[in-house]
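Asks: Mind looking over this structure? Questions follow.
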Amino acid sequence: MRRVEGPLPSHAPALCARDGSAHPEIVEDSIRLGRIAGVQVGLNWSVLVVAWILVLGLATEALPALAPDQPTAAYWLAAVVAAMAFFASLLAHELAHALVARHLGTEVRSITLWLLGGVAKMSCDARSAGAEWRIGVAGPLMSLGIAAGAGLLAFSLDLLGAPALVGGVLGWLALINAMLGLFNLLPAFPLDGGRVLRALLWHHGGDRLRATVVAAGVGRTFGYVLIGFGVLLFTGGVLFSGLWFGLLGWFLVSAANAEAATVQRHDLLAGLVVRDLMSRDPVVAPAGITAAELLEHYVFRYRHSSYPIVEPDGTPVGLVTLDRIRRVPPEDRNLARLREIAHPLAEVPCTGPDATVESVVPPLAASRAGRALVLDADGHLVGILALSDVARALDLRALWRGAYPSSRSTAVASKA
Ligand SMILES: [Zn+2]
């Protein structure tokens, strides 16, 4: 069988990622296909690009090499069938993870096929090292099983004298599934094998955070190796494969970084609620005063950089920051009212004092104001939480952990 380096990597590995946290937009931005065994299955638009490239590579290069002298139309038909079978086997790989995860108590919300492979979005991480490695190997085992099945079938049909193209499609499926299984078994987090590696480290060291940091380090290194390999191929004239490996590497590096940061943050913020970090009873400004009045009566006096704005009855309606004031030309500051220039309430994340800090970080990081209003059950403003408060708490806790690495007590929370 000749190595195909045609218009596209019809033999390049696809990637399996779990936990949409690294690329949640992929999961959200997809066409819903329906449910299989209770799991929502979707397709990202980028799959259409891959499907086209695959069909093109198969019809013009791979299949003519595997089964020569067939009519052109037969190659295209077989290529479409093979590509569809490939996506079905990718889905089977992800479903294997999902079903084992569910069996072990972790719910899988959705499976999405995208440019580089499949993403299974879990509601939470595996509960134990044992669950993690079982979930991790399930997908690659499914792929290797499909590879063995397709290979055997190709072999038997060949003995029975079936058309060469049928054998060609099955042979290619066997090969691509074997690569899917083996590539994803590499111990590079967040690939399946990397998750298995993390589970082993977690099991032996008892520390999930440290296991993740080490496994993510291996994943990142491997990602850089893939990028380097991609650049070598690309400069050597193998454009599409070079691009493909470069993309895989880039994805691995960014996913490993994101996952390590999330786990680290999760660990450092454990046990902290908004009440612990917020500034209590913040100075508020009436929504009806002007920017000039705010500067004169509030900013120079209190020296805060943001003020929730309220209606006369005390209802918060937004948040004004110094940055918003700066955008008003000085000559207009006597006219511009705070309610016109402040971030409206819809743009400011709101939370309760007992919410976990971790739950507020994503909306806080995404908001332009960089601050969240803390409202009690009756909607009264009781505090304000800035992203910088969270950053400081993270720094302090990291410092605390560094100084007292054995301390894992929740007493840290009150000291942060
Ligand atoms: Zn997988």
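The values are calculated or read from the model by the stated rules, or taken from the named source; none is laboratory data. Keep in mind the model is a prediction, meaning the values are calculated, not measured. Methodologically, a virtual Cβ is constructed for each residue, glycine included, from the backbone with ideal geometry; neighbour enumeration extends over all protein chains shown.
Asks: Answer yes or no: is there a residue in the range 378-392 that is in a loop (DSSP other than H, G, I, E, B) and at pLDDT 85 or above.
Replies: Pass one, the range 378-392, residues in a loop (DSSP other than H, G, I, E, B): 378-380.
Those still in the list that are at pLDDT 85 or above too: 380.
Checked the range 378-392: at least one residue is in a loop (DSSP other than H, G, I, E, B) and at pLDDT 85 or above.
A quick yes/no check of all residues on (1) within 16 Å of the ligand (Cβ to nearest atom); (2) farther than 30 Å from ILE31 by Cα; (3) at pLDDT below 85:
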{"position": "LEU99", "(1), (2), (3)": "yes, no, no"}
{"position": "GLU107", "(1), (2), (3)": "no, no, yes"}
{"position": "LEU113", "(1), (2), (3)": "yes, no, yes"}
{"position": "LYS121", "(1), (2), (3)": "yes, no, yes"}
{"position": "ALA126", "(1), (2), (3)": "yes, no, yes"}
{"position": "ALA138", "(1), (2), (3)": "yes, no, no"}
{"position": "ALA162", "(1), (2), (3)": "no, yes, yes"}
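Asks: Kindly evaluate GLU132 against the criterion of being in contact (Cβ under 8 Å) with a residue 12 or more places away in the chain, closer than 21 Å to VAL263 by Cβ and of a type outside the set (A, V, I, L, M, F, W, C). Write out each step before concluding.
Replies: Details: in contact (Cβ under 8 Å) with a residue 12 or more places away in the chain: yes; closer than 21 Å to VAL263 by Cβ: yes; of a type outside the set (A, V, I, L, M, F, W, C): yes.
Judged against the criteria, GLU132 is a match.
Asks: Here's something else I'd like to know. Determine, yes or no, whether PHE245 is surrounded by 15 or more Cβ atoms within 10 Å (Cβ to Cβ), within 18 Å of the chain's Cα centre (by Cα) and either among the aromatic types (Phe, Trp, Tyr) or outside the structural domain of SER305 (by TED's automatic domain parsing) (or both).
Replies: Criteria not met by PHE245.
Asks: From the residues in the range 312-325 that are of a type outside the set (A, V, I, L, M, F, W, C) and under 22 Å from PRO349 (Cβ atoms), which one is surrounded by the most Cβ atoms within 10 Å (Cβ to Cβ)?
Replies: Our first condition is that a residue be of a type outside the set (A, V, I, L, M, F, W, C); within the range 312-325, this holds for 312-316, 318, 321, 323-324.
Imposing the further condition that a residue be under 22 Å from PRO349 (Cβ atoms) reduces the set to 314-316, 318, 321, 323-324.
Numbers: GLY314: 10, THR315: 12, PRO316: 21, GLY318: 23, THR321: 19, ASP323: 13, ARG324: 21.
Among them, the one singled out is GLY318.
Asks: Another question, then. What pairs can you find where one residue is in the range 141-167 and assigned by TED's automatic domain parsing to the domain that holds THR72, the other is buried (at least 16 other Cβ atoms within 10 Å of the Cβ) and of a type in the set (Phe, Trp, Tyr), and their Cβ atoms are less than 8 Å apart, with a gap of 6+ or different chains?
Replies: LEU165/TYR75
For every residue, the table says whether it meets (1) part of a helix (DSSP H, G or I); (2) β-branched (Val, Ile, Thr); (3) surrounded by 21 or more Cβ atoms within 10 Å (Cβ to Cβ).
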{"position": "GLY139", "(1), (2), (3)": "yes, no, yes"}
{"position": "LEU144", "(1), (2), (3)": "yes, no, no"}
{"position": "ALA147", "(1), (2), (3)": "yes, no, yes"}
{"position": "LEU152", "(1), (2), (3)": "yes, no, no"}
{"position": "PHE155", "(1), (2), (3)": "yes, no, no"}
{"position": "GLY171", "(1), (2), (3)": "yes, no, yes"}
{"position": "ILE176", "(1), (2), (3)": "yes, yes, yes"}
{"position": "ASN184", "(1), (2), (3)": "yes, no, yes"}
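Asks: Mind checking which pairs have a first residue in the range 94-119 that is assigned by TED's automatic domain parsing to the domain that holds SER30 and in a strand (DSSP E or B) and a second that is surrounded by fewer than 18 Cβ atoms within 10 Å (Cβ to Cβ) and basic (Lys, Arg), Cβ under 8 Å, 6 or more apart or different chains?
Replies: Once the first residue is assigned by TED's automatic domain parsing to the domain that holds SER30 and in a strand (DSSP E or B) and sits in the range 94-119, its partners that are surrounded by fewer than 18 Cβ atoms within 10 Å (Cβ to Cβ) and basic (Lys, Arg) give VAL108/ARG102.
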